[in-house]
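What follows is a single structure, written as structure tokens, with notes after it.
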Amino acid sequence: NRLQTAPAKKILATGVFAFLLGILAHGALDYVPHCYPLPSKVDAVLGLAMILGLLWRTNPPYRLVMGLACLGCVFPDVIDLSPAILNKYAGFSLPVYGNLFPWHWKAYSGSLYTADCSVSTANHVCVVFMVATVCWFRRSDMLTVFNMKKQQNNRA
């Protein structure tokens, strides 16, 4: 296994790259026109559950990289949106500043607040299709990164 024998510096560098790539992916997806099919509370809980499940299923040598990638994907929302959300729902009095990430600025946000979400639905379908396609073509990597049954059978 390449990552198990990789030096810690290389693993950390890969993790930092994955973190930055997660931020860029978040920006690209926020910039594209989209609606929010789920209430924000449900979205946050499901998102956190998905991240925790993903990390739980990730083989230990890959957890740092996976964790940093997941953190990068949610980092812009944590920085820009969480103070106001915590103030609203937890009764905190955190200072709320202007958004740091441009895709959260009104001029560059793809957020749609209309009843017609057909463009958003098409974009969601495209994203799911692209992710499924990458996972299919990189399925041997998926077996290596995740604790999948087929990989465990190969060890026996």
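The values are calculated or read from the model by the stated rules, or taken from the named source; none is laboratory data. All values derive from a computational prediction rather than experimental measurement. Don't worry about glycine lacking a Cβ; one is built from the backbone with ideal geometry, like all the others, and counts go over all protein chains shown. What goes into the accessible areas is simple: the full protein's heavy atoms, side chains included, and nothing from ligands, DNA or RNA. Shrake-Rupley method; radii C 1.70, N 1.55, O 1.52, S 1.80 Å.
Worth pointing out:
- Sole exception among (1) without any contact (Cβ under 8 Å) to a residue 60 or more places away in the chain; (2) open to solvent by less than 80 Å² (accessible area, probe 1.4 Å); (3) polar (S, T, N, Q) for S93, by number: (2)
- Per-region count, segment 34-69, residues touching a residue at least 60 places away in the same chain (Cβ under 8 Å), in a helix (DSSP H, G or I) and open to solvent by 60 Å² or more (accessible area, probe 1.4 Å): 1
- Search result, residues across segment 76-89 that are under 20 Å from L38 (Cβ atoms) and part of a helix (DSSP H, G or I): P76, D77, V78, D80, S82, A84, I85, L86, K88, Y89
- Screening G72 with (1) more than 18 Å from D30 (Cβ to Cβ); (2) part of a helix (DSSP H, G or I) gives one miss only, at (1).
- Selection count, segment 2-33, where residues are outside any helix (DSSP H, G or I) and either free of Cβ contacts under 8 Å to residues at least 60 places away in the same chain or open to solvent by 90 Å² or more (accessible area, probe 1.4 Å) (or both): 2
- When restricted to residues that are assigned to a loop (DSSP other than H, G, I, E, B), in contact (Cβ under 8 Å) with a residue 40 or more places away in the chain and β-branched (V, I, T), segment 96-130 contains 1.
- Among (1) of a type outside the set (A, V, I, L, M, F, W, C); (2) out of contact with any strand residue (DSSP E or B) (no Cβ under 6 Å at 6 or more places or on another chain); (3) over 28 Å from V16 (Cα atoms), the one test that S120 misses: (2)
- Looking at F92, F17, just one residue is under 30 Å from D141 (Cα atoms) and among the aromatic types (F, W, Y), and that residue is F17.
- Test result for T133, hydroxyl-bearing (S, T, Y) and part of a helix (DSSP H, G or I): yes
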